[in-house]
Amino acid sequence: IGDIVWAEGILYVASNGYISRLVGDGERASDWVSYDLELDKPEEGISALWARGDTLWVATSYSTEYQGEEIPAGNGLRLSVDGGITWKHFKTENIFPEGVRFREGIRFPDNYTTCYDIASVGQTMWFSFTSGFAVKTHDLGKTWEHVLPDTSGFRFQNPNHHGNALVAYGDTIWVGAFGGIHRSTD
């Protein structure tokens, strides 16, 4: 199980490449309706899930090898506006078109660019990324805005540019990063 979300009286469970919605008491297989995300890679899994009504956002990731070590890699976000029946894939390179090279052999996005949390305020969706801090969209992914906790520009070595968890309400967003917790009230 990658994530569990309770949204407007409906329980959603993310597991492997599927989102399941509880339609009964959960004791029988027939109490669940499952939707296949048709993930790109067999080792890909769901790292975050968000739901409201028929709108579902899912983040996915997988492990890849770099210099003999397994490292996390993000494979973007997926959006369903019909309760999980159909999905649109937003690849990491489309979310972060400003991608830069960190060091030899590692490009941003992909390696180390995993979304682990999703939140919303009204129609604005927020996503925390381990490399890139936070991203938001106001228009269901037509446009993306990359948000950092400072004005230095993204730096891979800065632990405050690696977001892991977030919560948003009103004009306030909290983002937990490798270097601490950040709050914005505007």
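The values are calculated or read from the model by the stated rules, or taken from the named source; none is laboratory data. On a predicted model such as this, the values are computed, not experimentally measured, just so you know. Here Cβ is always computed from backbone atoms with ideal geometry, including for glycine, and neighbour counts include all displayed protein chains. Ligands, DNA and RNA are stripped out before the accessible areas are found, and what is left, the full protein with its side chains, is counted by its heavy atoms. Shrake-Rupley method; radii C 1.70, N 1.55, O 1.52, S 1.80 Å.
What the table shows:
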item: Answer residue from the stretch 130-142, given it is in contact (Cβ under 8 Å) with a residue 24 or more places away in the chain and not aromatic (F, W, Y) and is most open to solvent (accessible area, probe 1.4 Å) among those; result: L140
item: I118 vs. criteria open to solvent by less than 40 Å² (accessible area, probe 1.4 Å) and farther than 22 Å from G74 by Cα; result: no
item: The one condition in (1) open to solvent by less than 40 Å² (accessible area, probe 1.4 Å); (2) modelled with pLDDT under 90 that F127 fails to fulfil; result: (2)
item: Long-range neighbours under 9 Å by Cβ, at least six apart or interchain, first residue of a type in the set (S, T, Y) within the stretch 143-160, second open to solvent by less than 40 Å² (accessible area, probe 1.4 Å); result: T143/T137; S152/N158; S152/H161
item: Residue that is modelled with the lowest pLDDT [pool: residues in the stretch 82-112 that are within 14 Å of the chain's Cα centre (by Cα) and either of a type in the set (A, V, I, L, M, F, W, C) or under 23 Å from Y18 (Cβ atoms) (or both)]; result: F96
item: Criterion violated by N160 - all others in (1) farther than 22 Å from W50 by Cβ; (2) part of a loop (DSSP other than H, G, I, E, B) satisfied; result: (2)
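Yes or no, residue by residue, for (1) open to solvent by 70 Å² or more (accessible area, probe 1.4 Å); (2) part of a strand (DSSP E or B):
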| residue | (1), (2) |
| --- | --- |
| I4 | yes, yes |
| V13 | no, yes |
| E27 | yes, no |
| D40 | yes, no |
| I46 | no, yes |
| W50 | no, yes |
| W57 | no, yes |
| D82 | no, no |
| N94 | yes, no |
